[in-house]
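Visitor: Pasting a structure here, questions to come.
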Amino acid sequence: MRVTLERSNLLKSLNHVHRVVEKRNTIPILSNVLLRAEGGELQLKATDLDLEITEKTAAQVEEPGSTTVPAHTLYDIVRKLPDGSEVSLHVVDENNLKVSAGRSQFQLQILPESDFPDLTAGDFSHTFRIPAAVMKNLIDRTQFAISTEETRYYLNGIYFHTVESEGDLVMRAVATDGHRLARAEAEAPQGSEGMPGIIIPRKAVSEIQKLVEDPDGICTVELSDSKLRLSIDTIVLTTKLIDGTFPDYNRVIPDKNDRELKLNRAEFTAAVDRVSTVSTDRGRSVKLAISEGNLELSVNNPGSGSAQEEMNVDYKAEAMEIGFNSRYLLDISNQLIGEHTLFLLGDSGAPTLIQDEGHDSTIYVLMPMRV
């Protein structure tokens, strides 16, 4: 194999695929990226056996062929080469790849393509196209609530499914860690009707989020019961899905909370951030004392001090006190986009519903804390 291409093109492709490769591997071939040169382009592929990304980029192919090379080492080399340089990749013998750019030359050890695993996709039952901006929004609004608790593995991803809502078919993305829940929805794309409910793992979610940065892009999504394949431009991501049953999230979304609190989102976010400065405990609890027209936020930490702050709010119900994890409050507040935030409260021990005023396509549920 001998191929020459622009450093910028190679770096862009390596940037997409090398992230899949774990830094430490017990299987040497999984530390490598597969390079395949043919037909005027170079294909790069990386996998961790659960997730696979391939990308093609234009190249001058002098000798077609393929090999595998350490992904992070190649990425670091190309990243440090000067802008505008041309990179030559040449398989010298069965053990070495020569990387050349200007006066820089590197020799990297290689492993044969035959050792490289292939994440067999199988047959896909559903195919649809969805704007990258829509996919990005569904992920951005829910990703923070993915659980990191490995024992409840079925919560370690985002649950995508279609559902009837007010006579229309919508696609919903839901994530929860048991303390908070995020649910976002958008118009269901044509072809997604009857799709199986799927749980996309955390790592795949993170990679998809990076691939859908272009708001004008279109994603082609193919689904089976066990795998998802997403294609955008010259990139193809294939991932195994979490084999588990996502809990009935509707059971924890309150529908009888009748105490309505409306407040300025930016002002509230800043106030929570300020008072939580003195909170050093793991709970990071903040107490909200709500009365007509007024909200007092307070933190009392015997080890480091206390803080209080008041702000004007729109609230006409019975006065109440409720506590929340301040970090969870900030996570949710940072996802909201409207000027005003709506809290629908029950009592001090009941889950609270949070959303942008006038927008119910995205809702958040937050469990209270004892303070």
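Visitor: What's the carbon and sulfur percent of the chain's accessible surface, probe 1.4 angstrom, rounded to a whole number?
Guide: On the way: 7750 of 17820 Å².
Roughly 43 percent, rounded to a whole number.
Visitor: From zero up to wherever the largest Cα-Cα distance of segment 51-204 sits, split into 10 Å bins and tell me the percent of pairs in each.
Guide: 8, 26, 22, 20, 19, 4, 0
Visitor: Still on this structure, I have one more. Pick from Ala101, Ala46, Ala175 the residue whose mean-square fluctuation is largest in a GNM of the chain, springs joining Cα atoms under 10 Å.
Guide: Ranking Ala101, Ala46, Ala175 by mean-square fluctuation puts Ala101 first.
Visitor: Among the trypsin sites (Lys or Arg not before Pro) within segment 202-273, which fall in a DSSP loop and have no more than 12 other Cβ atoms within 10 Å of their own Cβ? Present the calculation step by step, with values, prior to reporting the outcome.
Guide: Details: sites: Arg202, Lys203, Lys210, Lys227, Arg229, Lys240, Arg251, Lys256, Arg259, Lys262, Arg265; in loops: Lys256.
Within segment 202-273, the qualifying trypsin sites (Lys or Arg not before Pro) (loop, at most 12 other Cβ atoms within 10 Å) are Lys256.
Visitor: Right, next: What do you get for chymotrypsin sites (Phe, Trp or Tyr not before Pro) in segment 38-132 restricted to DSSP loop and a cutoff of at most 14 other Cβ within 10 Å of the site's Cβ? All intermediate terms of the calculation are to be shown ahead of the outcome.
Guide: Working: sites: Tyr75, Phe106, Phe124, Phe128; in loops: Phe124.
Sparse-neighbourhood loop chymotrypsin sites (Phe, Trp or Tyr not before Pro): Phe124.
Visitor: Right, another one. Report, ordered by chain and residue number, the lysines lying within cross-link reach of Lys45, taken as a straight Cα distance under 20 Å and ignoring same-chain residues fewer than 8 apart.
Guide: Lys12, Lys23, Lys56, Lys98, Lys203, Lys210, Lys227, Lys240
Visitor: Follow-up question, since we're still on this one. Determine the per residue accessible area of segment 1-149 with all protein chains present and a 1.4 angstrom probe, expressed in square angstrom. Present the calculation step by step, with values, prior to reporting the outcome.
Guide: Details: 7230 Å² over 149 residues.
Value for segment 1-149: 49 Å² per residue.
Visitor: Just to confirm the filter: which GluC sites (Glu not before Pro) across segment 279-310 are DSSP coil and have at most 15 other Cβ within 10 angstrom of their Cβ? Before the final figure, lay out the partial values.
Guide: Working: sites: Glu292, Glu296, Glu309, Glu310; in loops: Glu292.
Within segment 279-310, the qualifying GluC sites (Glu not before Pro) (loop, at most 15 other Cβ atoms within 10 Å) are Glu292.
Visitor: Using helices alone, I'd like the mean residue ellipticity at 222 nm for the chain: each DSSP H run of four-plus residues gives -39500 (n - 2.57), total over residue count, nearest 500.
Guide: Working: 6 runs with 63 residues, N = 371.
So the calculated ellipticity at 222 nm is -5000 deg cm²/dmol.
Visitor: Here is a follow-up. Highest GNM mean-square fluctuation, the chain, Cα pairs closer than 10 Å: which of Ser226, Ser165, Ser147?
Guide: Ser165
Visitor: Where the centroid of each part is defined by its Cα atoms, how far is segment 298-345 from segment 42-62 in Å?
Guide: 47 Å
Visitor: Just tell me which lysines come within less than 30 Å, Cα to Cα, of Lys262; anything on the same chain fewer than 8 places away is out.
Guide: List returned: Lys136, Lys287, Lys316.
Visitor: Calculate, for segment 236-368, the solvent-accessible area per residue in square angstrom, rolling a 1.4 angstrom probe over the heavy atoms of the protein chains.
Guide: Counting only protein heavy atoms, the per-residue value for segment 236-368 is 49 Å².
Visitor: Working with all protein chains in place, sort Val371, Val236 by solvent-accessible area computed with a 1.4 Å probe, largest first.
Guide: Values: Val371 100, Val236 45 Å².
The ordering from most to least exposed comes out as Val371, Val236.
The values are calculated or read from the model by the stated rules, or taken from the named source; none is laboratory data. Everything numeric in this text was worked out from a predicted model, so none of it was measured. Glycine also receives a Cβ, built like all others from the backbone with ideal geometry; neighbour counts cover every protein chain displayed. Areas reflect the complete protein model, heavy atoms only, side chains present, ligands, DNA and RNA absent. Shrake-Rupley method; radii C 1.70, N 1.55, O 1.52, S 1.80 Å.
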